[in-house]
Every structure is written in C-alpha cells, then in structure tokens.
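The values are calculated or read from the model by the stated rules, or taken from the named source; none is laboratory data. From a predicted model like this one, the values you see are computed outputs, not experimental measurements. Because the Cβ atoms are built from the backbone with ideal geometry, glycine has one as well, and the counts that use them run over all protein chains shown. Protein only, heavy atoms only, side chains kept; ligands, DNA and RNA dropped before computing areas. Shrake-Rupley method; radii C 1.70, N 1.55, O 1.52, S 1.80 Å.
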Amino acid sequence: MSGFTGFVLRRVVGVLVTLFAISVIIYVVFYVTPGNVAQITCGPRCSPVQVQQVSEQLRLDDPLYVRYWHFLEGLVAGQDYSTGTAVQHCPAPCLGLSYQSDQQVTELILTKLPVSLSLVFGAMVIWLILGVGTGVLSAWRRGRLTERVLTGITLVGVATPVFVIGLVLMIVVCGELELLPFPQYVNLTDDPEQWAWNLLLPWLSLALIEAAAFARLTRSSMLETLAEDHIRTFRAYGVGERSVIWRHALRGAFAPVIALNANNVGSAVGGAVLTETLFGLPGIGRELVHAVDVVDLPVVVGMVLVVGFFVVIANALADVLYAVADRRVVLA
C-alpha cells in the first residue's frame, strides 16, 4: 500500500510540474509575441485609451518574469480588472477578462463546459463498449469471416470523417425515418430524458469514429496477449475459453486501451469542434473557434489552458488506473 501511495504522490507532483510548464508555454506563445499585445487582447474595436488600460493591466512594461508572475497570481489568487467605468474582481482560478464581451473567461467556460463534458463522457461509454467489444470479438475469431467483416467495418470507421457520419445520421435518423428530433441541447438538470435523446446522435457521431480506433488497438493487444505463455497455461489446465478471453487476456490487453481513452477524453473536451458545430452544441470547442474568429485572445488563452488541464488530469488518472490493473507498474 505504501508503494502505491508513493506512486500516486509522484504522479501528483508530476501533474503540478506539467501544469506549470503548460502555463509558461501558453503565456509565452500568446503574450510574448511580435506586435501590439494590448491591441490584440483588447480587440479591434478598442480605443487608444482602452488599449493603454489593457497594457497597464497586463503590465506589458514590466520584465517578463513579473508579467508571468502577475498572470500566475491571477490563476491562484484571482485579480481585479478595470473596465474603464468600474472594477471587476475575478476570483481564482481567474483565466482573464474578455474585453470584447466584458465577461470573465472563467464564467464563460463554466457555461460551456457542461455541454462538452456531456458530449464526451456519453460518447466515451459508447466507444468503449463498441470498440473494446469489437476488438475482443475480432481477436477471438481470428482467421474467420467474423474477423474479416469486423476489420473491414473498422477500417471504414477510421477513414470516415466525423462530419460525414454526423450528416448521414441526421439525414437518415432525423429526416427520412423521423426517429429522433434534430438535436437541441437540453440541460441534464432540466429534463434528463430529453438531455439523453438530444445527445444520442452527437454521441454516436463522435463515438463511431473513436470506436474504430479502440477496436484496432484492442484487437492487436488481445492477439499479443493471447500468444503469451500464461494464456497457453490456462488453456492447458482446461480453463474455459470465455474465461480465458474475458477474465485473463482482456485484463492484460487493457492497459493500452486505458492510455488511449485518457488521451481521447482529455483532448475531446475542447477538440470535438466538428461535432459541436454540426449539431449546434454550445460547447467549449465551438466557443474556441468563435474566439479565434473574432480574435478574443483572453478567451483563447483560457480555453487552451482548460483543455491542457483536462489532458494532463486524464492521463494522470490513466496512470493510476493502469497501476491498479497491473501492480508491476508501481514497482517499476
């Protein structure tokens, strides 16, 4: 137990160091760039007076380390922003202020985050069930017609863009068959049933693409595990084939699946742009594209930080789950 506790503590320290490094990189990329940073941050419609206020707020005349410390202080302790007529307090974690909408970036993200999380975690359940199930069945029926059919379907899924699947689903399911209404996001707390029905097509659209990748990875991992000595030993002792596949082989082959799932979940929080745009879901990915279009730099920086946070946390959780599944990781 002490070994596992030490493993978790090392991962926590690694997460903190990685998040610090990400904040440094993002700050340098977006705020230490050629051009008038205050003008870019404030937006094209700002007057010279407003641009000067933003320059003072960002402390652009101070040394780089002082400017970054001010940025980091806002993340940890919050800070005050002057909008010209009043002063707004932005509580920690303060990701900045959108000078184009006079809205705190943290509040903006919190309104969009439930939509993206609903999309990603619902799709995750589907892509794990379909992907892992298809991969296991394909490895189990290796060399048979079942494997060839599933491999062909998987290749088609990998090669098909997400917007094509989404359009086909909307045309067929919503248009021709009229089985479901065209998706409109409903809050989970308002109507759980309508929330699920309206997200079913977006879930399928995103999950079918990801499931194909999981099926290929699970198949290759299962084939490798099934060829190991301990699996042959189980079979020699008369252990049933279903028990060998689902109880022993799948556990050994699941580590790469955990890693891939963590990476996909973390990146999909802000990366499901096509799915959110296609189905009109007001999530983080769609808002990030809008912020880039209107050059709303504080919103772009804040959302990139949030996406990076989710990627790091998801991968750290994957390491812990990997260690739970295989205690040899703790000893490594």
Considering only the range 61-77, state which residues are surrounded by fewer than 17 Cβ atoms within 10 Å (Cβ to Cβ) and either of a type in the set (G, A, S) or in contact with a helix residue (DSSP H, G or I) (Cβ under 6 Å, 6 or more places away or on another chain) (or both). A77
Residues that are part of a helix (DSSP H, G or I) and under 30 Å from L113 (Cα atoms): does the range 225-245 have at least one? no
For the range 285-310, pairs from a residue that is more than 17 Å from L117 (Cβ to Cβ) and among the aromatic types (F, W, Y) to a residue that is open to solvent by less than 50 Å² (accessible area, probe 1.4 Å) and at pLDDT below 90, with Cβ under 6 Å and 6 or more apart or across chains, are none
Out of A249, A255, I need the residue that is part of a helix (DSSP H, G or I) and at pLDDT below 80. Which one? A255
With respect to A196, determine if the residue is surrounded by fewer than 17 Cβ atoms within 10 Å (Cβ to Cβ) and within 26 Å of A314 (Cα to Cα). yes
Criterion (of a type outside the set (F, W, Y), touching a residue at least 24 places away in the same chain (Cβ under 8 Å) and open to solvent by 10 Å² or more (accessible area, probe 1.4 Å)) met by exactly one of R216, R242, R247, R232: R216
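Anything in the range 161-186 that is open to solvent by 70 Å² or more (accessible area, probe 1.4 Å), touching a residue at least 60 places away in the same chain (Cβ under 8 Å) and outside any helix (DSSP H, G or I)? List them, or say none.
At the first step, the residues of the range 161-186 found to be open to solvent by 70 Å² or more (accessible area, probe 1.4 Å) are 163, 167-168, 171, 176-179, 181-182, 184.
Keeping just the survivors that are touching a residue at least 60 places away in the same chain (Cβ under 8 Å) gives 163, 167, 184.
Passing the criteria: only Q184.
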Do the conditions hold for G135, that is, is it open to solvent by less than 50 Å² (accessible area, probe 1.4 Å), over 17 Å from S205 (Cβ atoms) and touching a residue at least 24 places away in the same chain (Cβ under 8 Å)? yes
Have a look at A272, A211, A268 and point out the one that is modelled with pLDDT of 85 or more, buried (at least 22 other Cβ atoms within 10 Å of the Cβ) and either within 20 Å of the chain's Cα centre (by Cα) or of a type in the set (D, E) (or both). A211
The helices (runs of 4 or more DSSP H) lying entirely within the range 1-58 that contain at least 3 residues which are under 21 Å from the mean Cα position of the chain (by Cα) are 2-31
Kindly establish whether I284 is closer than 22 Å to P93 by Cα, buried (at least 22 other Cβ atoms within 10 Å of the Cβ) and either acidic (D, E) or in contact with a helix residue (DSSP H, G or I) (Cβ under 9 Å, 6 or more places away or on another chain) (or both). yes
Of all residues in the range 286-298, which are assigned to a helix (DSSP H, G or I) and either of a type in the set (A, V, I, L, M) or at pLDDT below 85 (or both)? L288, V289, A291, V292, L297
Look through L113, L95, L108, L117 and report the one residue that is in contact (Cβ under 8 Å) with a residue 24 or more places away in the chain and either assigned to a loop (DSSP other than H, G, I, E, B) or of a type in the set (D, E, K, R) (or both). L95
Across (1) closer than 30 Å to R216 by Cβ; (2) not in a helix (DSSP H, G or I), G131 clears everything bar (2)
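Here is a yes/no grid of residues against (1) within 26 Å of T154 (Cα to Cα); (2) of a type in the set (F, W, Y):
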position	(1), (2)
Y185	no, yes
F214	yes, yes
H230	no, no
A249	yes, no
V257	yes, no
V265	yes, no
D293	no, no
When every residue in the range 4-27 that is modelled with pLDDT under 90 and open to solvent by less than 40 Å² (accessible area, probe 1.4 Å) is compared, the one nearest to D319 (Cα to Cα) is F7
Restricting attention to the range 83-127, and to residues there that are in contact with a Cys (Cβ under 7 Å, 6 or more places away or on another chain) and closer than 17 Å to I284 by Cα, which single residue is least open to solvent (accessible area, probe 1.4 Å)? L97
